[in-house]
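In what follows, a single structure is set out as structure tokens and then discussed.
A short reminder: the numbers here are calculations on the coordinates, not readings from a lab. Everything quoted here is computed from the prediction, not taken from an experiment. Cβ: placed from backbone, ideal geometry, glycine included. Neighbour counts: every protein chain shown.
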Amino acid sequence: MSTLGFNPYTILNTPRPTEGAKTATDAPEAAGSKFAESVSDFRTTMQQAEQTAIQTAVSGADPHAMVEALTNAELMLDAVVTIRDKVVEAYQELLRMPV
């Protein structure tokens, strides 16, 4: 069980609670909001892993917690790299399309 309170496998796909029904014109704003939340989650995961590693090095905290935090950070980083690669691949496909 993760001590950080989330599962890195599903953090990017977790539906967020909404404030009422969204209309079709709100879709781009909602997508940007979800992206911003995902970036924020990624940043938080990396900061938590860094703080846990520092605490372990300085005060001799639980090494198991450090390994778990670093593993969660690695999984999150792998997810972000995969998403980046898919975005680059989609962009390259757009460039290859005839005009």
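The HN-Hα couplings worked out from phi for segment 84-98 by the Karplus form 6.51 cos²θ - 1.76 cosθ + 1.60 (θ = phi - 60°) are 4, 4, 5, 5, 5, 4, 5, 5, 5, 5, 4, 5, 7, 5, x Hz, whole numbers, x standing for Gly and Pro.
Within the set of other residues whose C-beta is less than 13 Å from the C-beta of residue 85, count the net charge using Lys and Arg as +1 and Asp and Glu as -1. Don't skip to the answer; put the middle values down first.
Values: positive: 84, 86; negative: 78, 89, 93.
In short, -1.
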